[in-house]
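Scroll down for the structure; my scribbles are underneath it.
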Amino acid sequence: MEKVATGIPGLDALMDSGIPKGFNVVIMGRPGTGKTIFGLQYLYNGALKGEGGLYITVDANSNLVREQGQTFGWDIKKLEDEKKLCILDIPLNRQLRFNLFKLVENKIKEYGVKRIVFDSLSSFMFNINQFNMQLPNIDNLTTISKEEIAYLEEDIGVRSDSVPKAVQRLKPDPQHYDIISVKRIVYLLFKEFSSLGTTNLVITSASSKNPDATVDGVSEFVSDGVIKLEAVDLGGGPARVVKIVKLRKIKNSMEANNFEITDKGIVVT
Ligand SMILES: Nc1ncnc2c1ncn2[C@@H]1O[C@H](COP(=O)(O)OP(=O)(O)OP(=O)(O)O)[C@@H](O)[C@H]1O
Ligand SMILES: [Mg+2]
């Protein structure tokens, strides 16, 4: 199995040398836990090795990303000029009508993109109305695909032969309507990312109610892997912790590993 090394010191050894090529891995954590730095470091290390990187930022503008890189001595601008790294800024302060994945496919060709970071799915979902994406039409759910049926079965726990009925039953209840829509959009997004052939990190927030779950409650299930970043205090003062919660197909360390954000970026200790 071909692996994509993150290049983050101490991390790849926890995943038997890296992320399997083509995987979608969720990077989840509460605010300030280091998700953005993690993503940027992954792309920076790839670009240095000649693997093109695409950083899609919903949260921060591209300048902020460059400046964050600079604090670790990473010359993001230089890599952009050399067509090894692309920052795709998705501004949220105006109504946008564009097809995100068309844009992404163009960047993949232009920059030879092998690694993508999406920062962040949670912010994207809060602003979904702004983007020209096919929103799920609940009425169409009565003619859903095999994969969608599998998703409903696994995730929502309805039997496939009762799916159309179950969906109809969900329809009148606005609470269920919202949940099924969000889950379905997230599911479709992951499918789109999977089809690109790149190795992707999808950053998202952990829920405030349940820090083991993402805010959308589904990306941890549909992704190929989940890496969780945390800030903990076990009495010995505050510490940062990274856990490889899930990684399909390979052996991974489930342990909590301490990490630091040093002047060279993230280092797992
Ligand atoms: N140059 C630096 N040196 C050391 N630590 C830093 C440096 N820059 C940022 N940090 C630390 O990293 C934290 C922010 O990391 P990052 O932006 O990756 O978090 P995040 O999980 O993406 O947060 P959010 O959910 O708000 O986007 C800061 O709170 C700070 O503690
Ligand atoms: Mg961030």
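The amide H of Leu247, built 1.01 Å from its N in the peptide plane, has Val226 as neighbours under 5 Å, considering only residues 5 or more places off or on other chains. Applying a DSSP loop filter and a limit of 14 other Cβ atoms within 10 Å to the GluC sites (Glu not before Pro) in the stretch 230-269 leaves Glu255. The P(r) of the stretch 1-108 has a tail past 19 Å containing 49 percent of all C-alpha pairs. Normalised Debye scattering of the stretch 179-256 at q = 0.22, 0.27 Å⁻¹ gives log10 I(q)/I(0) of -1.12, -1.38, counting only Cα atoms as equal scatterers and leaving out solvent.
Coordinate-derived values only; no laboratory data. All of these numbers come straight from a predicted model, not from anything done at the bench. Ideal geometry is used to build each Cβ from the backbone, glycine not excepted, and the neighbour counts take in all protein chains shown.
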